[in-house]
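A.B. asks: Just passing along the structure, written as structure tokens.
The values are calculated or read from the model by the stated rules, or taken from the named source; none is laboratory data. Keep in mind that what you see is a predicted model, and the values were worked out from it rather than measured. With ideal geometry, Cβ positions are generated from the backbone for all residues, glycine too; neighbour counts draw on all protein chains shown.
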Amino acid sequence: MSQVLLVEDDPIVRQAYSKVLTKGGLALETAEDGVEALDKVRRGRFDAVVSDINMPRLSGIEFLRALRAAALDVPVVLVTGGPALETAVSAVELGAFRYLTKPVDIEALLETVLRAVAQGAESRRRRLSTEAANEPAAAVDLDPSLERLWTAFQPIVSWGRRRVIGYEALARSEGPLASPGALIAVAEQSGRLRDLGRAVRARVAAALPGAPDDVSVFVNLHASDLEDEALYDAAAPLSAHARRVVLEITERAALEGIERLGERLATLRRLGYRVAVDDLGAGYAGLASFPALEPEVVKIDMALVRGVDQSALQQRVVRSVVELGRELHMMVVCEGIETVAERDALAALGCDVFQGYLFGHPARGFHPATL
Ligand code: G
Ligand code: MN
């Protein structure tokens, strides 16, 4: 079990954080200030530290400075009530893993700490001999969350036709790791991304018979899923529904590393799947993946959608994607639409297929959209 040290002088906050971190499967020790914390890190073996900044005796920044001076390179997540530029700069200089401001979103805290733990385990592994390097990292247990996995569905609509044309499946769990981010972080850390991908696809396959006949279901793939032979197996649970499924591949998915990508995509298409480029415009080289993927669908990320009604530049970019979609016969989906103004601006730019809280949140079942 991964060991985390929580440094926080306020007993109420300490208790709240302890609860969420323990529930997330981490073994926790606490310290009430930087002096006590420093002592504990020197003597113990922690995978990550979560520390408040404003504390008596030794502040979080001074604590971090003392740690680095002692060549203790455990990842430290700093949390503060007063986000001052100065402390943020010090935190970055001293190599804080992350800098969170209060009030801290509890799910984000757990997710960040799990990532810090993964990094801590990774850097420790690198320091160890090659023999020891083959040992798996001390990981949070994925199984309780995998057993209680379910998929939420968020409607995707044709605005022109005022109807639902699909749903995106989004992984959720009633286990300790509730969010997709936490599930993926732990799966990654414990080398079990394939198990997670298979479980998600099995859940979607089980739910699909309950979907209206004329809708598609969009399923997110992780890069490692593309290397899982089970994805290409005609007998796999989702393969039976492939004609109704669009596989979303995010630009982040490091496509370059995948061997025989063209062959793999051809197999998927023979099974009946369509392919979408997800998160276009989220800050990665999205267009670069078009020649390799020849996607049937492209999803414009919410970063481009947010405030599109206010930004001539965003409008210009969306218009280009719409044109490209027409030329390459790709369906263009706009994600993360929250306001009527965004919706109307996108419709005026020639977009028709929309997804976002304005039309419906991810929820259980194939629920109707607000149209
Ligand atoms: O990376 P991907 O596009 O698959 O991410 C989808 C995520 O976006 C889901 O976690 C979903 O809950 C979230 N999401 C969907 N619609 C909206 C929206 O309108 N606003 C915001 N902020 N998030 C959204
Ligand atoms: Mn997606």
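A.B. asks: Search the range 345-358 for residues being more than 22 Å from the chain's Cα centre (by Cα) and within 14 Å of ligand 1 (Cβ to nearest atom), and hand back the single one that is nearest to Pro212 (Cα to Cα).
C.D. replies: Val353
A.B. asks: It is to be established whether one or more residues within the range 329-344 are out of contact with any Lys or Arg (no Cβ under 7 Å at 6 or more places or on another chain) and away from ligand 1 (no atom under 16 Å from the Cβ).
C.D. replies: Yes.
A.B. asks: Just checking: which of the helices (runs of 4 or more DSSP H) contained wholly in the range 238-323 hold 3 or more residues that are more than 16 Å from ligand 2 (Cβ to nearest atom)?
C.D. replies: 261-271, 290-293
A.B. asks: Here's a follow-up. Can you find a residue in the range 328-335 that is in a helix (DSSP H, G or I) and either within 26 Å of the chain's Cα centre (by Cα) or under 22 Å from Val275 (Cα atoms) (or both)?
C.D. replies: Checked the range 328-335: no residue is in a helix (DSSP H, G or I) and either within 26 Å of the chain's Cα centre (by Cα) or under 22 Å from Val275 (Cα atoms) (or both).
A.B. asks: Condition (residue is part of a strand (DSSP E or B), hydroxyl-bearing (Ser, Thr, Tyr), within 16 Å of ligand 1 (Cβ to nearest atom) and buried (at least 22 other Cβ atoms within 10 Å of the Cβ)) applied to the range 216-236: is it met by at least one residue?
C.D. replies: Going through the range 216-236, the residues part of a strand (DSSP E or B) turn out to be 216-221.
Narrowing the set further to residues that are hydroxyl-bearing (Ser, Thr, Tyr) leaves 216.
Next, from what is left, pick out any that are within 16 Å of ligand 1 (Cβ to nearest atom): 216.
Narrowing further to those that are buried (at least 22 other Cβ atoms within 10 Å of the Cβ): none.
Taking every residue of the range 216-236 in turn, none turns out to be part of a strand (DSSP E or B), hydroxyl-bearing (Ser, Thr, Tyr), within 16 Å of ligand 1 (Cβ to nearest atom) and buried (at least 22 other Cβ atoms within 10 Å of the Cβ).
A.B. asks: Moving on to the next point. Can you work out which of the residues in the range 156-177 that are farther than 30 Å from Leu146 by Cα and not in a strand (DSSP E or B) is nearest to ligand 1 (Cβ to nearest atom)?
C.D. replies: Going through the qualifying residues, I end up with Trp159.
A.B. asks: Here is a further query. Looking at the range 74-86 only, could you name the residues that are modelled with pLDDT of 80 or more and either surrounded by fewer than 22 Cβ atoms within 10 Å (Cβ to Cβ) or β-branched (Val, Ile, Thr) (or both)?
C.D. replies: Val74, Val76, Val77, Val79, Thr80
A.B. asks: For the range 165-182: of the residues being buried (at least 21 other Cβ atoms within 10 Å of the Cβ) and modelled with pLDDT of 95 or more, which is nearest to ligand 2 (Cβ to nearest atom)?
C.D. replies: Glu168
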